[in-house]
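Trainee: Structure in structure tokens, see below.
The values are calculated or read from the model by the stated rules, or taken from the named source; none is laboratory data. Worth saying up front: this structure is predicted, and the values here are computed from it rather than measured. Ideal geometry is used to build each Cβ from the backbone, glycine not excepted, and the neighbour counts take in all protein chains shown. Protein only, heavy atoms only, side chains kept; ligands, DNA and RNA dropped before computing areas. Shrake-Rupley method; radii C 1.70, N 1.55, O 1.52, S 1.80 Å.
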Amino acid sequence: MGENHGDYYDLAQRIEDAFAEIDSDIVSNMSEENEGYAALYVKTKQIKENYPVIEDALDGSGELSLTADEHQALAQYISLTQQMEDIERQAIYFRGHTDGFAYLKKIGVI
């Protein structure tokens, strides 16, 4: 297989080496390609603007005290970011299938 397919042989290593860039490309396009993701992004941005203490909480250094409203906003922010991450993981999953199919087709397996 390695002799016949040259550059395609070590696909796993090539993907591992380029994963950060691939992941970044997928995520950076999410707001343009997925309305639900874009809406979640806008909501998280608004929450962070309305509750600057959230950025402090995410920073993770020092002591922090939250009001009840701030606590609720932080919980909502975390929930929304988890929903965004689910959408990102799904996009990466499907991108992997698409790339895998294209790879197999290119090397003549399918």
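Trainee: Give a quick list of trypsin sites (Lys or Arg not before Pro) in the stretch 39-110 that DSSP marks as loop, anything other than H, G, I, E or B, with at most 11 other Cβ atoms within 10 Å.
Mentor: Loop-located and lightly packed - none at all.
Trainee: Along the Cα-to-C-beta direction of N50, a point sits 7 Å from the Cα; which residues of the stretch 75-94 have their amide N less than 16 Å from that point?
Mentor: It comes to 75-81, nothing else.
Trainee: Please give the calculated 222 nm ellipticity per residue for the chain, where each DSSP H segment of at least 4 residues contributes -39500 (n - 2.57) and the sum is spread over every residue; nearest 500 deg cm²/dmol?
Mentor: About -27500 deg cm²/dmol.
Trainee: Which FRET efficiency value, to the nearest 0.05, do you get for L58 and Q13 by plugging their Cβ-Cβ distance into 1/(1 + (r/R0)^6) with R0 = 22 Å?
Mentor: 0.05
Trainee: Using a probe radius of 1.4 Å on heavy atoms only, what accessible surface per residue do you get for the chain? Whole Å² is fine.
Mentor: Spelled out: the 1.4 Å probe surface of the chain, per residue, equals 75 Å².
Trainee: So which DSSP H runs in the chain come out at 30 Å plus along the axis (Cα) with average Kyte-Doolittle of at least -1.0?
Mentor: Qualifying helices: 68-106.
Trainee: Using the Cα centre as the reference, give the magnitude of the dipole from point charges on the C-beta atoms of the chain (Lys, Arg: +1; Asp, Glu: -1; all else neutral), rounded to the nearest 20 debye.
Mentor: Taking the Cα centre of the chain as origin, the dipole is about 460 debye.
Trainee: Roughly speaking, what is the stretch gain from F101 to A20, that is 0.36 nm per residue apart minus the C-alpha to C-alpha distance, in nm to one decimal?
Mentor: 27.1 nm
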